[in-house]
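Values in this text are rule-based calculations from the coordinates and carry no lab data. Bear in mind the structure is a predicted one, so any value in this text is a computation, not a measurement. Positions of Cβ are generated from backbone atoms using ideal geometry, with glycine treated the same way; all protein chains shown enter the neighbour counts.
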Amino acid sequence: MTPITTSQLTDALQWRYAVKKFDAAKKIPAATWATLEESLVLAPSSFGVQPWKFIVVDNTELRSKLVAASWGQTQVVEASHLVIFALKQDVGEEHIDRYMARTAEVRGTTVEAMAPFKKVIMGSFAGARAKGFLDTWQSRQVYIALGQFMTAAALLGIDTCPMEGIEPSKYDEILGLTGSGYTTLCACPTGYRSADDKYATTPKVRFPLGEVVTHL
């Protein structure tokens, strides 16, 4: 792999912003979108458990219904693609067993050989569940995936708009997630900024590096 340059990375991050108005006429090429989906698959998570589902809403009727559940934000219909980041709730042994089986398949080992690893995971999850923060912990893993997705998009010259200004329960109802064991955390319209989105040229406001990065 040939690393990108430091300036390429910072330029992409400076270029990125939360798009308020997408160009509805511009669509992300299929190959580029496939790469962005792969960036979701490759996202890291604690123990590698992947407590998530990423729902790409292609259906225009569903996307139109989501506007009302997004406080009127039209990015969900204007963007080329719309990704919903959903949490696997109350991750239990069934999900961990699927992960063990997949790991054995990919790494050429056996589920039995991985029993000690499974025991560690189950112990950690049981402790988090008992203390009432299992879903909170796992939600943070989903946001790691969101960050990776947004960065990958920026490096490819694709715009995003991470949205928590939505009504998750209504999203769940519209998307058929209610009772499925998954729940909506956030949405991320993805595509190309409109030429008349004034926020595209608005300078980023960030605290100085010295105030937010500390060396000890």
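For the reader, a short list of remarks on this structure follows.
- Search result, residues across the range 23-72 that are basic (Lys, Arg) and in a helix (DSSP H, G or I): ARG63, LYS65
- All positions within the range 51-71 that are closer than 30 Å to ILE121 by Cβ and touching a residue at least 60 places away in the same chain (Cβ under 8 Å): PRO51, TRP52, LYS53, PHE54, ILE55
- Every residue from the range 73-115 that is of a type in the set (Val, Ile, Thr), farther than 30 Å from ALA195 by Cβ and in contact (Cβ under 8 Å) with a residue 24 or more places away in the chain: VAL91, ILE96, THR103
- Filter pass, ALA152 being small (Gly, Ala, Ser), on the phi < 0 side of the Ramachandran plot, part of a loop (DSSP other than H, G, I, E, B) and surrounded by fewer than 21 Cβ atoms within 10 Å (Cβ to Cβ): no
- Checking each residue in the range 175-198 for being touching a residue at least 60 places away in the same chain (Cβ under 8 Å), closer than 28 Å to ALA30 by Cβ and surrounded by fewer than 18 Cβ atoms within 10 Å (Cβ to Cβ) picks out ALA195, ASP196, ASP197.
- The listed residue being under 15 Å from SER46 (Cα atoms), aromatic (Phe, Trp, Tyr) and surrounded by fewer than 16 Cβ atoms within 10 Å (Cβ to Cβ), out of PHE133, PHE125, PHE207: PHE133
- Single unsatisfied condition, GLY165 versus (1) without any contact (Cβ under 8 Å) to a residue 24 or more places away in the chain; (2) in a loop (DSSP other than H, G, I, E, B): (1)
- Looking across the range 73-102, the residues that are farther than 18 Å from PRO189 by Cα and in a helix (DSSP H, G or I) come down to GLU93, GLU94, HIS95, ILE96, ASP97, ARG98, TYR99, MET100, ALA101, ARG102.
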